[in-house]
Amino acid sequence: MPRVPHVLLIEDDASVRDGMELVLRRHGYAVDTAATGEDALALLARPAGQDIELAVLDLMLPGIDGFEVCRRIRASGSTIPVIMLTARGDDSDIVRGLEAGADDYVVKPVTAPVLEARIRAALRRAEPVRVRPGEDTYAGLVIDRAGLTVSKRGTPIPLPPTELRVLLELSASPGQVFSREQLLRSVWEHDFLGDSRLVDAAVGRLRAKIEDVPARPVFVQTVRGFGYRFGPV
């Protein structure tokens, strides 16, 4: 039997939650639901929560809001993809959510094809990637392309799939400049206008983990007006 992807849907509006759950189940997903951030975090902490492969997270939740839920998911060491739902498409909400660790976002009301396409793309990012074998070392940063692990000075650095793929993409061609549009196509599989924020936020989160001084990056460098490149070069 084909594998059934397991999704956690976190949404306080019962009608929206029920509708999304129905759509996802019709598309072949196993779905757990939570109406609050507290319930979602409790579910993820249980042994059964280890089976969850992706979270769809509404930002405007009662109690612990979606921003804090996302931060706690990442603080726990979980690398599952998180797609946030925002009702307004407000730039500040989107930026806050991405900085909290979300991998992607959709604006409500969202159509079933758009939501399902974003989920499929996020799950593909979480799959093992075909990269050249071997282990690359750059000034203490070790990228194991076969094992898909990253460490720095002997300390493992767990990276969510989106950040890992950005790092793999850039480090595969040190010194080459990648535009935001190129990274959107290769990592997120879409290039919608305005989604360059996804790239900038992922790079910011990645720098916070692999750079000694994130404000003065050595590994993931900005090329103003063009995009990003991997150094040192």
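The values are calculated or read from the model by the stated rules, or taken from the named source; none is laboratory data. What you see is a predicted model, and the numbers here were worked out from it, not measured in a lab. Note that we place each Cβ from the backbone using ideal geometry, even for glycine, and neighbour counts take in every protein chain shown. We work out accessible area using only protein heavy atoms, side chains counted, and drop any ligands, DNA or RNA first. Shrake-Rupley method; radii C 1.70, N 1.55, O 1.52, S 1.80 Å.
Using a probe of 1.4 angstrom, how much of the accessible area of the chain is carbon and sulfur, in percent?
54 percent
Among the trypsin sites (Lys or Arg not before Pro) within region 1-38, which fall in a DSSP loop and have no more than 12 other Cβ atoms within 10 Å of their own Cβ?
Answer in residue order: Arg3.
Set the Förster distance to 30 Å, then compute FRET efficiency between Phe226 and Glu68 from the Cβ-Cβ distance, nearest 0.05.
0.30
Return a whole-number percent for the relative contact order of the chain, with Cα pairs under 8 Å and 6 or more residues apart as the contact set.
About 14 percent, as a whole number.
Within the chain, what percent of beta bridges assigned by DSSP are antiparallel, to the nearest 5?
Details: 16 of 33 bridges.
Here the share of antiparallel DSSP bridges comes out near 50 percent.
How large is Rg/Rh for region 16-92, to two decimals, with Cα atoms and a Kirkwood Rh?
Result: Rg/Rh = 0.95.
Apply the Karplus curve 6.51 cos²θ - 1.76 cosθ + 1.60, θ = phi - 60°, to the phi angles in region 23-35 and return the couplings in whole Hz, x for Gly and Pro.
Along region 23-35, the couplings run 4, 5, 5, 5, 8, x, 9, 7, 10, 9, 10, 9, 8 Hz.
Determine the distance separating the Cα centre of region 159-190 from the Cα centre of region 45-66; give it in Å without decimals.
Answer, in whole Å: 26.
5 Å is the cut-off here: which amide hydrogens, built 1.01 Å from N in the peptide plane, fall below it relative to Glu53, excluding neighbours closer than 5 in sequence?
Excluding prolines and chain starts, which carry no amide H, the hits are His6, Val7, Leu8.
Suppose every Lys and Arg Cβ carries +1 and every Asp and Glu Cβ carries -1, with no other charges. What dipole size does the chain come out with about its Cα centre, to the nearest 20 debye?
That gives the chain a dipole magnitude of about 860 debye.
What's the Kirkwood radius of region 133-228 in Å, using all Cα pairs?
13.7 Å
Quote the relative contact order of region 133-228 in percent (integer), defining contacts as alpha-carbon pairs under 8 Å separated by 6+ residues. Show your work: numbers first, answer last.
On the way: 100 pairs, mean separation 21.0, N = 96.
Computed value for region 133-228: 22 percent relative contact order.
What is the distance, in nm, between label points placed 7 Å from the Cα along the Cα-to-Cβ direction at Arg216 and at Thr36?
Going by the 7 Å Cα→Cβ label model, 4.7 nm.
Per residue, how much accessible surface does region 133-228 expose to a 1.4 Å probe? Answer in Å², no decimals.
Per-residue accessible area for region 133-228 comes out at 47 Å².
Can you give the calculated 222 nm mean residue ellipticity of the chain, where each DSSP H run of n ≥ 4 adds -39,500 (n - 2.57) and the sum is split over every residue, rounded to the nearest 500 deg cm²/dmol?
-11500 deg cm²/dmol
Out of all DSSP beta bridges in region 4-124, what portion is antiparallel? Express it as a percent rounded to 5.
Just about 0 percent of them are antiparallel.
List, largest first, the extents of the alpha carbons of region 77-122 along their principal axes, each in whole Å.
Principal-axis extents of the Cα atoms in region 77-122, largest first: 29, 24, 10 Å.
Between Pro156, Tyr228, Ala215, whose Cα lies farthest towards the positive end of the dipole of region 133-228 when Lys and Arg beta carbons carry +1 and Asp and Glu beta carbons carry -1, centred on the Cα centre?
Ala215
For the chain, with the dipole built from +1 on Lys and Arg beta-carbon atoms and -1 on Asp and Glu ones, taken about the Cα centre, which of Tyr138, Leu43, Ala30 lies farthest toward the positive end?
Checked the options; the winner is Tyr138.
Rounded to the nearest 20 debye, what is the charge dipole size of region 1-73 about its Cα centre when +1 sits on each Lys and Arg Cβ and -1 on each Asp and Glu Cβ?
340 debye
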